[in-house]
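Below: one structure, written as structure tokens.
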Amino acid sequence: MDFEPEYWLKLAQEDPQEFERARLQVIEDLIASAPPAMQDRLRGLQCRIDLERRKAKTPLGAAIRLQSLMWDRFESLRAALNDLRDMDLQAEPPARRPAPCAEVIPFTRARREESEQDAGSRPPG
């Protein structure tokens, strides 16, 4: 799905009711395309977004409310990530396993005579 700002701007200016219908349809299509396990959560988030938009008196006010909502969520995710990092730093490091050992087999140089014999027995290339 491509987002074309000019199309949506023109639709909102010329036919606000059609704009709203199309907006809701695109949102529903996007949610329906998500994995089933995520759809309820996405619908809940969209409900929250719609409520914040309705509370605002102007489109700019709605944008500010949604930006604040986004930053609040970002901050809670950052705090959770920091908590995980701190728990990991307090945990004991995993035990190191000794490196596997193997016998090293030395390569010996072929004697010159053997290589000359081998070269003579090869068909001309």
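The values are calculated or read from the model by the stated rules, or taken from the named source; none is laboratory data. Keep in mind the model is a prediction, meaning the values are calculated, not measured. Note: ideal-geometry Cβ built from the backbone for every residue, glycine included; neighbour counts use all protein chains shown. We work out accessible area using only protein heavy atoms, side chains counted, and drop any ligands, DNA or RNA first. Shrake-Rupley method; radii C 1.70, N 1.55, O 1.52, S 1.80 Å.
Scanning region 43-62 for residues that are over 15 Å from residue 23 (Cβ atoms), free of Cβ contacts under 8 Å to residues at least 12 places away in the same chain and assigned to a helix (DSSP H, G or I) turns up 44, 45, 51, 55, 60, 61.
For every residue, the table says whether it meets (1) open to solvent by 90 Å² or more (accessible area, probe 1.4 Å); (2) touching a residue at least 40 places away in the same chain (Cβ under 8 Å); (3) among the β-branched types (Val, Ile, Thr); (4) not in a helix (DSSP H, G or I).
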{"position": "69", "(1), (2), (3), (4)": "no, no, no, no"}
{"position": "81", "(1), (2), (3), (4)": "yes, no, no, no"}
{"position": "86", "(1), (2), (3), (4)": "no, no, no, no"}
{"position": "97", "(1), (2), (3), (4)": "yes, no, no, yes"}
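Within region 5-29, restricting attention to residues that are open to solvent by 100 Å² or more (accessible area, probe 1.4 Å) and of a type in the set (Asp, Glu), the residue that is farthest from residue 42 (Cα to Cα) is 14. Listed by first and then second residue, the pairs linking a residue in region 22-40 that is closer than 23 Å to residue 7 by Cα to a residue that is outside any helix (DSSP H, G or I), with Cβ atoms under 9 Å apart and 6 or more places separating them unless they lie on different chains, are 26/1; 26/3; 29/1; 30/1; 33/1.
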